[in-house]
Amino acid sequence: MPQKTVYLETMGCQMNVLDSELVLGLLRAQGYEPTDDMTTADLALINTCSVRDHAEQKALSRLGSLKRPKQLHSGMIVGVIGCMAERDPDGIFASMPHVDLVCGPGELNKLPALIEDVHAGRTHAVALSQSLSRRSTPLQRALEYDSVEALDFSRNPEPGPGVLQSYVRVQRGCDKFCSFCVVPFTRGPERSRPPSQIIDETRMLADRGAREVTLLGQTVNSYVNQENGRPVRFAELLARVASVPGIERVRFVTNYPGDFTDDIFEVMRDVPELSHYLHLPVQSGSDAILKRMRREYTVGEYIDLIERGRDYIPDLSIASDFIVGFCGETEDDHEASLLLIERCRFKNIFVFKYSERPGTVARKRAGDDVPDEIKRRRNQELLAAQERISAAANRERIGSTVEVLVEGYSKAAVKAREAEQARGEEVGWRRSDQLVGRTWTDHIVVFPGAPEDIGRFADVRISDATALTLHGTSVRGSWERNRTCGAGSAASPGFESP
Ligand code: SAH
Ligand code: F3S
């Protein structure tokens, strides 16, 4: 029998990237092979994002382009999964009648059953989590987590380079209800996974080749679960994940400043496998705006938190998110965000133009009153300020030697070799091909190297820098830390001085 094929396109956050990996694993077990050709696939799925209207419009446009292939290919199933499926199933079916199934992010383990339903003749197959209760506390809900674990349990990646850097979910959902944000509605209440399951999954990934894991949660530092009658919090979880043999580096995203406790800084300082990088979204530099966003901290508290973090970990690098043009944002509020950028000297920032989302408090209580051209200007101004800071900070690193975990070849190198292959020429990596790695502070480093360096550590002397990238050359052969054999390297993480 010919293989059934699945086309899966992923939009949005790392949580969606992980969900897509798990969905593909689930579908492989059902006999589906992934394909890059959406027009001939037996099953076409779009894993959607609802955080901004723009992302939803993009998903609708992709779905629109599946209409014709579906007419030509009888039996093709078109599905919408992820946050948009959860948020607006009726709207999707109304505007895209060729969609067969929608499945929310908390129900993805039901996909095979939904596909069966469509094959059995059901026109619109739906699985949503809208009834999930928020009444219990996060700790009580953590105990009920098992029932929604099915997708994570099914994880069974092929050993190899694809597993080198893996995501591990530690928490689902969010309870914060920031007034602008749709995530608590689409991903449901906050639930933390049992620590033993997280450790087991990390061990399984390490056995198959993972060297770095990134722990995922919407407010990952709020993690709490019960074990043997006592609460396990995020700092303890971090230390336990870091102790899994074979795991050389642990990162985590995203942190909520209001819940951040110093025990996390302590463990980042003391456990050598923990990256010295924090993604700590602030959203605005104005207290008035933060209050209207319901962010539960002030600008002063955010600055104090960062300063404490840098006292614990001098080379701590911090990335942040900003929203420009939130309801009622004045020029003074905007100036306050610019000032905060100067003050905090982030590694990088992500800036988003405010997008009003259905169901949110901001939508109900205030208007989207900042004109788009002003949002655009403020967006550019924040990015320009950060670019100056990043470029200057990176230039200071010229002449220093940094330790990187090598992730793979640069996109340009891969493209060049693929082009050769397409022309039928003999393919082989060149000594000049550029590898990409990351430092302990999450800085991207590009340097020439060999395929055997991938998945290992290298010392790179920096010779050039832009706002986004450090360039250099390896100063000794790459190595493995190889903690499993008790030969741990004592090299201190982060940048050495030039
Ligand atoms: N805690 C989550 C946040 C999800 S949303 C995480 O894991 O990243 C990611 C970012 O999108 C937020 O930090 C915020 O800066 C931005 N964002 C969320 N809702 C938005 C909206 N309605 N308009 C514009 N940006 C938004
Ligand atoms: Fe969204 Fe705020 Fe949660 S940004 S994901 S509601 S912490």
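The values are calculated or read from the model by the stated rules, or taken from the named source; none is laboratory data. This structure is a prediction, so every number in the text was calculated from the model and none was measured. Here the Cβ is made from the backbone with ideal geometry for all residues, glycine too, and neighbour counts use every protein chain on show.
Kindly establish whether Leu305 is on the phi < 0 side of the Ramachandran plot and crowded, with 20+ Cβ neighbours inside 10 Å. Step through it out loud before you land on a result.
Details: on the phi < 0 side of the Ramachandran plot: yes; crowded, with 20+ Cβ neighbours inside 10 Å: yes.
Taking the combined requirement at face value, the residue satisfies it.
Enumerate the pairs (first residue in region 356-368 and part of a helix (DSSP H, G or I); second residue anywhere and of a type in the set (A, V, I, L, M, F, W, C)) with beta-carbon separation below 8 Å, excluding pairs fewer than 6 apart on the same chain, so at least 6 apart or on different chains.
Filtered contacts from region 356-368: Val361/Phe177; Ala362/Phe180; Ala362/Met293; Ala362/Phe326; Ala362/Cys327.
Output yes when any residue across region 337-344 is under 26 Å from Asp53 (Cβ atoms) and of a type in the set (D, E, K, R), and no when none is.
no
Going through region 10-63 one residue at a time, which ones are touching a residue at least 60 places away in the same chain (Cβ under 8 Å), within 14 Å of ligand 1 (Cβ to nearest atom) and small (Gly, Ala, Ser)?
Gly12, Ser50 - these are the residues of region 10-63 that are touching a residue at least 60 places away in the same chain (Cβ under 8 Å), within 14 Å of ligand 1 (Cβ to nearest atom) and small (Gly, Ala, Ser).
Determine which single condition Tyr312 fails, assuming it passes every other condition in (1) within 30 Å of Ala210 (Cα to Cα); (2) surrounded by fewer than 23 Cβ atoms within 10 Å (Cβ to Cβ); (3) within 10 Å of ligand 1 (Cβ to nearest atom).
(3)
Within the set of pairs 6 or more residues apart or between chains, which connect a residue that is of a type in the set (Lys, Arg) inside region 142-171 to a residue that is at pLDDT below 90 with Cβ atoms less than 8 Å apart?
Filtered contacts from region 142-171: Arg169/Asp152.
Is one or more of the residues making up region 278-298 surrounded by fewer than 20 Cβ atoms within 10 Å (Cβ to Cβ), among the β-branched types (Val, Ile, Thr) and without any contact (Cβ under 8 Å) to a residue 12 or more places away in the chain?
The answer is yes, given that some residue of region 278-298 is surrounded by fewer than 20 Cβ atoms within 10 Å (Cβ to Cβ), among the β-branched types (Val, Ile, Thr) and without any contact (Cβ under 8 Å) to a residue 12 or more places away in the chain.
Taking region 220-234 as the search range and keeping residues that are more than 16 Å from ligand 2 (Cβ to nearest atom) and surrounded by 20 or more Cβ atoms within 10 Å (Cβ to Cβ), which one is farthest from Met268 (Cα to Cα)?
Of all residues in region 220-234, those more than 16 Å from ligand 2 (Cβ to nearest atom) come to 225-233.
From what's left, surrounded by 20 or more Cβ atoms within 10 Å (Cβ to Cβ): 225, 232.
Values: Asn225: 20, Val232: 17 Å.
So, considering only residues that are more than 16 Å from ligand 2 (Cβ to nearest atom) and surrounded by 20 or more Cβ atoms within 10 Å (Cβ to Cβ), the one farthest from Met268 (Cα to Cα) is Asn225.
Look at region 206-219 and say how many of its residues are away from ligand 2 (no atom under 16 Å from the Cβ) and touching a helix residue (DSSP H, G or I) at 6+ places or on another chain (Cβ under 6 Å). Can you show your working first?
First, the residues of region 206-219 that are away from ligand 2 (no atom under 16 Å from the Cβ): 206-214.
Now restrict to residues that are touching a helix residue (DSSP H, G or I) at 6+ places or on another chain (Cβ under 6 Å): 208-210, 213.
Summing the residues that are away from ligand 2 (no atom under 16 Å from the Cβ) and touching a helix residue (DSSP H, G or I) at 6+ places or on another chain (Cβ under 6 Å) in region 206-219 gives 4.
Check every one of the strands (runs of 3 or more DSSP E) wholly within region 395-482 and list those with 3 or more residues that are surrounded by fewer than 19 Cβ atoms within 10 Å (Cβ to Cβ) and in contact with a strand residue (DSSP E or B) (Cβ under 6 Å, 6 or more places away or on another chain). Let's see the steps before the verdict.
Details: elements: 401-409, 434-438, 444-448, 457-465, 469-474.
Strands (runs of 3 or more DSSP E) meeting the threshold: 457-465, 469-474.
Each row is one residue, and each column tells you yes or no for (1) at pLDDT 95 or above; (2) more than 16 Å from ligand 2 (Cβ to nearest atom); (3) within 24 Å of the chain's Cα centre (by Cα).
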position	(1), (2), (3)
Gly258	yes, no, yes
His334	yes, yes, no
Asn348	yes, yes, yes
Ser355	yes, no, yes
